[in-house]
Structure formats: structure tokens, C-alpha cells
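Undergrad: One structure, as C-alpha cells, below. Some questions next.
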Amino acid sequence: MHNPIDQTKLRHQNNSMPVKKIFLNETEMPRHWYNILADMPNKPLPPLHPGTKQPLAPQDLDPIFPSALISQEMSIDRFIEIPDQVRTIYKIWRPTPLIRAYGLEKTLDSTSKIYYKYEGGSTSGSHKPNTAVPQAYYNKMQGVKRIVTETGAGQWGTALSFACAKFGLGCEVYMVRISYDQKPYRKIMMNTFGAQVYPSPSDRTQAGRNILQADPKSTGSLGLAISEAIEVAAANEDTKYSLGSVLNHVLLHQTIIGQECLQQLEYIGDYPDIIIAPLGGGSNFAGIAFPFLRKQINGEQPVRCIAVEPASCPKLTQGIFAYDFGDQAGYTPLLPMFTLGHNFKPASIHAGGLRYHGASVICSQLLKDGFIEASALQQLECFEAGVTFARSEGIIPAPEATHAVAQVIREVKKAKEEGVAKTILFNLCGHGFVDMQAYADYFEGKLQNHYFTAEELGANITEIAELQP
């Protein structure tokens, strides 16, 4: 009897029925994560200790991270083995399907082929468990009892809550206040997995109390929620901190997405001209793009990789490349990245996972060196694209994922105008089934686009001048 891959190849070759979904079986799941640092011609500048402004040493991170994750954070090894226990849990939702968007192609009268990697079938409905599970595993192996974290839209908090439940760890989540209010079902999901969830800013930390004193009605930000979580972790010996994006080891874990894509596309004899994904901190984009960028960097196969951000938080397109804190209170190391300044207050858009002032060190360096592109889109265009996708493909995208869909539609139109056909791959990083209030607000006309003056954007950037070494 043929295995599923043989059957997929046969159907594709015979072309008797178009292949919609390309699957891998569990034995074909990647056994290593890919570390793009090994192949980058220009390595990123080192993170700096905020006090001395000297390059960060591994021991500086001991209070908040387990040693295995610190090692991964600083590693330049090309491949890092995925532990068997992690791969076993991955099998709950991985490998994920690569799907041909025939419905969207028809709706757009597209001359281009569109594929999407669907990460919405995971336990949290997004790509976030790809790093939550290994982070919980390495903490458990070091004897940690509790993990504390932040979450924006709630996808990361949900993923870590699940991962902690699998390893018998306590979990405490500081959820950005605007999302805490907008997305109550995310909080319930986290509670169901056993996590304690608090709106940020909260009165449980000094960082939170400082903000509440200055602005009692603060809607919060990822940068502030990070500050609260780090403060809690640093004050408790049995507790470590966990981050859902930005850091090198987080991006590393997400590369299982792109590695699966490479195999799936190889089975059908195709390869993308364009790869698109949203970018809040960088894990979503890195997960699908980095394995393909390896071929681009090494001169094997060209590809355009486009990181899409909200126009309300345009660090890649209107920020500056500089050293800045990864959090609002200044607890993190100084990171070399594209930033709007750690005190930047993003608008209260529904795409909570993209409301972050900075971009990952690796993504920032790749953008600086011209290996990737960036695009900033307004939320009305994105929700319109999300509705178009839902009606043509049957999946309601998360607000973050609509940014990728909107950029795909732009690229399809551009290709038609130029009289060419492209192969486009994007990361459908999660579904929006617990984000329906966002769509309700869109249909009721309550959403609006957000614009900033140069003065508004520059104010917080000016503040970080003194942080530069």
C-alpha cells in the first residue's frame, strides 16, 4: 500500500484531481531546528548589559532563563536537535498542512499560485506552541517550578499555559489590558490549562504600579507586560521568565514551520517566489522564512521575503536601527534592533500580537542588510482581506494573520498588472475563532485606520539616544 506521500505525488502527476493539501507524516517531522545565525554574512551586534553597556555574558541571563535556552540564544550552530519529548508533544498538531489557496486564487482571478502553511490546528490555534513546548521542557529539566510570561492577543499565553500543563509547571500570564478586555475567551482558555492571568498594567509589580499612577486608564503594551513578567521572575528563585517572540531561541524553535514547507513543496515540485508573514516581534515571520532564506543567502535559490507590520506600529518601515530595551521599564538587555522606542504607545488595534515597539535582533539585521523587505498596512485593509480569505477558503484568520493575507492580495494584483505569474507562500499563523469581537467591530464600522505625525513617531525615538554605547 502506498504511504500518503506516494499518493500525493501520484495525484499531482496525474493531475486528475488538483491537490489541495500537502501533508507530511509524523516520521517526516524535522528533527532539528535551523539557526540562521550560522549562515548570516553579517552577524548581529551583541546584546548589551544595560548597566555596563558591555556585551552580555551568559551568566547575566541566569536569573530569568534556564541554561539550555541561554545556550541556544547565543549559539551559532546551524542545526540544534529537537528533544524526543518535545517532538512527541509536537505530534499533537504537527506536521501541519501546506494548503493551495484555490478559492482565493479564483476570487482574485489570480495569475499567481498561492500556498499557505496553516498553523491554526495547534492547541492554541496558532504557531506559538512551537516554542512554548520546548521552553517549558527546558525549564522542567532544570527544576523550575513556575514560568511567568506576557501575552498580547492571548495566543502566546494560551500556548505557554498548555505547555506548562504538559510538564506540570505553574504558569502566570500578564495580558495586555486592551486584549484582556477585548478577548475574554483567551483568558478562559488560559485558565482552563491552569494558568493565572492578570491584566497589564497591574498593581502586582512596581512596573505596573508606576504606569497606573501616571495613567490609571492605560490600555497597556507588550513592552510593559514583559516588564511585569520579568520583575516577577527575577524576584522568585523557583520561577523563570518565558518570551513568545523576539529572542533568538524563540525564532529558532519556529523554524520547524519553514522546514516542513520545504519538504512539502519539494513533493509537488514547486518553490516560492515570494514569502509573506506578519511581524510583531519576529517569530511568525522567522518560522516560515528563515529556512528559505538560507538558500537565498547561500546563492542557491532567490526569494523575496516580506515582513508585514501594522501601520499603527511601524518599527520596520518608520523606526530606526538602534540599541533599545525590549521592555518598557528597562529590565531587559539592550538589543540592536529596529525600534520606535520602548516608551512608544501603540494604538489599541485588535491585532494585539503585533503591538510591539521593536523587532527581533536577527530580523532587524536581515532587513538592514537587504535580505528581507517590510510593508506596513492599515487595519481596515487587513480586515477586508481577512473577510475575503474567509469567504473563499473557509478559515477566519486571526487579526494578525490578516496582515499577511492583505499583502498577498497586493502581490497578486501587482503580478497581474505586470503580466507575470508568481508562486506566493504565506504563513496563516492562526485562526480567529476566539477573536470574533474584532470582526464584529469591523462589520459595525467601529474600526479605524491610524496615522502618526513625524513628531509623534520621533518623540520616543529621541529618548533612546542616551542608551547608545
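The values are calculated or read from the model by the stated rules, or taken from the named source; none is laboratory data. It should be emphasised that the depicted structure is a prediction, and the values quoted were computed from it without experimental measurement. Cβ atoms come from the backbone with ideal geometry, glycine included; neighbour counts cover every protein chain shown. Side chains included, ligands, DNA and RNA excluded: accessible areas come from the protein's heavy atoms. Shrake-Rupley method; radii C 1.70, N 1.55, O 1.52, S 1.80 Å.
Undergrad: Can you order the peptides 271-282, 28-39 by their average number of other Cβ atoms within 10 Å per residue, highest first?
TA: So the order, starting with the most tightly packed, is 271-282, 28-39.
Undergrad: On to the next question. So what are the ³J(HN,Hα) numbers for the range 459-467, from phi and the Karplus equation (6.51, -1.76, 1.60; θ = phi - 60°), rounded to whole Hz, Gly and Pro as x?
TA: The phi angles translate into 4, 6, 5, 4, 5, 8, 4, 6, 7 Hz.
Undergrad: By how many degrees, 0 to 90 and rounded to 10, does the Cα axis of helix 379-393 deviate from the longest principal axis of the chain?
TA: 40
Undergrad: Right, something else. Kindly express, to the nearest 10 degrees and within the range 0 to 90, the angle between helix 283-297's C-alpha long axis and the longest C-alpha principal axis of the chain.
TA: Compared with the principal axis, the helix lies near 60 degrees.
Undergrad: Could you work out what % of the accessible surface of the range 368-451 is carbon and sulfur, using a 1.4 angstrom probe and leaving DNA, RNA and ligands out of the count?
TA: Roughly 47 percent of what the probe reaches on the range 368-451 is carbon or sulfur.
Undergrad: Same structure, new question: Tally up the carbon and sulfur contribution to the accessible surface of the range 37-87 as a whole percent, 1.4 Å probe, everything protein left in place.
TA: 54
Undergrad: Let me ask something else. Long-range amide H contacts for residue 175: which residues qualify at under 5 Å (H placed 1.01 Å from N, peptide plane, sequence gap of 5 or more or a different chain)?
TA: Those qualifying (amide H under 5 Å, at least 5 residues apart or on another chain) are 151, 198, 200.
Undergrad: Here's another thing I want to ask about it. Given a cut-off of 31 Å, name the pairs among 20/240; 113/187; 240/446; 43/315; 20/295; 43/166 whose C-alpha atoms lie farther apart than that in the structure shown.
TA: Result: 20/240; 113/187; 240/446; 43/166 exceed 31 Å.
Undergrad: Something else about it: Just the isolated ones, please: cysteines in the chain lacking another cysteine beta carbon under 4.7 angstrom.
TA: 261, 305, 313, 363, 382, 429
Undergrad: With both bridge residues required to lie in the chain, what share of the DSSP beta bridges run antiparallel, to the nearest 5%?
TA: 35
Undergrad: Just in the range 429-462: which chymotrypsin sites (Phe, Trp or Tyr not before Pro) are loop by DSSP and have at most 10 other Cβ atoms within 10 Å?
TA: Answer in residue order: 451.
Undergrad: Could you name the aspartates and glutamates in cross-link range of residue 91, using Cα to Cα under 20 Å and dropping any fewer than eight places away on the same chain?
TA: Here the aspartates and glutamates satisfying the reach criterion relative to residue 91 are 26, 28, 81, 119, 260.
Undergrad: Using the alpha-carbon centroid of each, what span in Å lies between the range 378-407 and the range 68-121?
TA: Value for the Cα centre distance between the two parts: 19 Å.
Undergrad: Which residue, 310, 421, 148, has the largest displacement toward the positive end of the dipole of the chain when charges sit on each Cβ (Lys, Arg +1; Asp, Glu -1)?
TA: Final value for the positive-end residue is 421.
Undergrad: From the helices alone, meaning DSSP H stretches of at least four residues, give me the mean residue ellipticity at 222 nm for the chain, per-run term -39500 (n - 2.57), in deg cm²/dmol to the nearest 500.
TA: About -12500 deg cm²/dmol.
Undergrad: Let me ask something else about it. Per residue, what accessible area does the chain have, given a 1.4 Å probe and all protein chains present, in Å²?
TA: Result: 38 Å² per residue.
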